[in-house]
Structures are given as structure tokens and as C-alpha cells.
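What follows is a short report on a single structure.
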Amino acid sequence: GAVVSQHPSRVICKSGTSVKIECRSLDFQATTMFWYRQFPKQSLMLMATSNEGSKATYEQGVEKDKFLINHASLTLSTLTVTSAHPEDSSFYICSARDWSQAFFGQGTRLTVV
Amino acid sequence: AQKVTQAQTEISVVEKEDVTLDCVYETRDTTYYLFWYKQPPSGELVFLIRRNSFDEQNEISGRYSWNFQKSTSSFNFTITASQVVDSAVYFCALSEAFGGSQGNLIFGKGTKLSVKP
């Protein structure tokens, strides 16, 4: 079964609204989770590193005020896309690691209309 | 700087053919990890293999095999007797550390494999 659960799998929202995506580690505690974004026919690019109990670390070019990350517990990290615009439409996927490998959520396909 | 290059953007084969997906990486670390993932149209990443830099043994898992060559910084993936269900995008990835805030993966651009009946 899935070790990392991500919800929702698909979301369509209106421009200007906010969308929250949840990422849960089911079988282990993850002090660090990673958020990636994948545009159509492109690779996965790291957006930010989510650290439990502290501020997230954002990659260059990623707006921290637009992509709010909260990692309030060892099993849950959330990504909120604030004031979404059509250019934010993408596939967002989270990841958590234990000692052996990296586990990925199912991904969230966001469409902003 | 770390980098993963998958030079083949798209490959098309006929069922039962063997196919090799190339992956070349760059890293300055002596300890690192290499991965292969399969991404079907649904988008979910399916883990295929993880290899650490100290283990150069080639691995075979059913129709899948991997050839890790540190001398050429390559970690190629071969599918033997390909099947239509193998059609997907395949990503090679590199991690320079394990655990903590450095544990993110650096992905190649992916190779789209189409297996035709």
C-alpha cells in the first residue's frame, strides 16, 4: 500500500482562490518532506523542503508567499497555493524519505481556470 | 553541481524488443544514490530501483536490469522483451545524501518509452 498519501489527486479552482494539498507519511515519521512541481512533458523540479516544526526552505525562483508550506507534525505537510493563477496549473507531488528510499505521493493535478 | 542527463527524449519500440534507457550523472560527492522511477499516464511515480555509489554490481529484476558504471558516471536501464504495459515516462534521479534536509532527488528530464503491439 501507499506509504505517502497525497490529497486531493485532482483539483480545479477559479483564478484568485487558494488550494491546499496534503501530504501524509503513513508508516513512518518524516521530519523532512519535499515538494516538487512538474509541468506537462517536463521533469520534476524541487520547489521546497518542508521541515517539521520550522520554516520551509524554498528553491530559487519559488515564491514563498505564494506557495505556503506547513509541516506541523511528523506525518503531515501541506502546500497551499495562494491566489492561484492559470500559470500555477501543474502537477504537484510530495516526497518523504526513510532510511532506505524516497517515497512519493500520488500527486495532485491542479488546474486553475 | 549535481546533474542528471537522460539524452533520449522519446523511444519507440515494438513489443518483445529489448530497449535501453541511458542515464548519465554528475556529482562531486563520493557517497550518493541513484534511482529509477516509472511514471505512467496517471502521474504516480513508481519506484524501480535504488543503488548506492559503493555498490557497482549490476542488478536484474525480472525483465529489468541495470548497469551501473562509475567510470563513465552512467546508470543505464534495460527492459528485455518489452511489453505494451512498459509504456511510460522513465526518470533517472540522483541524491547526494540520505536523510534530513539534503535528501531531495535531482531528476533527469525523463525518457518517454512507447511500446507498440
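The values are calculated or read from the model by the stated rules, or taken from the named source; none is laboratory data. None of these values were measured; they are calculated from a predicted model. Note that we place each Cβ from the backbone using ideal geometry, even for glycine, and neighbour counts take in every protein chain shown. Accessible surface is based on the protein model in full, side chains and every heavy atom, while ligands, DNA and RNA are left aside. Shrake-Rupley method; radii C 1.70, N 1.55, O 1.52, S 1.80 Å.
Odds and ends about this structure:
- All other residues whose Cβ lies under 13 angstrom from that of residue A:21 are scored, Lys and Arg at +1 and Asp and Glu at -1, for a net of +3.
- When the inverse distances between all different Cα atoms of the range A:52-101 are averaged and flipped, the Kirkwood radius reads 12.6 angstrom.
- Under 5 Å from the amide H of residue A:47 lie the amide H atoms of A:35, A:36, A:37, each residue being 5 or more positions distant or on a separate chain, with H modelled from the backbone and absent for Pro and chain starts.
- Taken over the C-alpha atoms, the range B:16-69 has Rg and Dmax values of 12.8, 38 angstrom.
- Cα centroid separation, the range B:1-43 to the range A:1-69: 23 Å.
- In chain A, Cα pairs under 8 Å separated by at least six residues give a relative contact order of 37 percent.
- Restricting the calculation to alpha carbons of chain B gives Rg and Dmax of 13.9, 44 angstrom.
- Per-pair calculated FRET efficiency, R0 = 22 Å: residue A:72 and residue A:18 via Cβ, rounded to 0.05: 0.80
- Gyration tensor over alpha-carbon atoms, the range B:1-44, equivalent ellipsoid semi-axes in Å: 26, 14, 10
- Rolling a 1.4 Å probe over the protein heavy atoms gives chain B an accessible area of 50 Å² per residue.
- In the range A:35-53, burial by the other protein chains removes 30 Å² or more of 1.4 Å probe accessible surface, compared with the chain on its own, from A:36, A:38, A:43, A:44.
- Note: the protein assembly as shown, Cα convex hull, 124 Å³ per residue.
- Relative compactness, the range A:1-71, computed as alpha-carbon Rg over 2.2 N^0.38 Å: 1.18
- Relative contact order (%) - the range B:22-92, alpha-carbon pairs under 8 angstrom, separation at least six: 37
- Cα-Cα pairs of the range A:9-113 separated by more than 22 Å (percent): 25
- Rounded percent of accessible protein surface that carbon and sulfur make up, chain A, 1.4 Å probe: 51
- Applying a 4.7 Å cutoff between beta carbons, the unpaired cysteines of chain A are A:13.
- Residue with peak Gaussian network fluctuation, chain B [Cα springs, cutoff 10 Å], from B:80, B:72, B:27: B:72
- Of the residues in the range B:13-35, those shielded by at least 10 Å² of accessible area once partner protein chains are present, compared with the chain alone at a 1.4 Å probe, are B:35.
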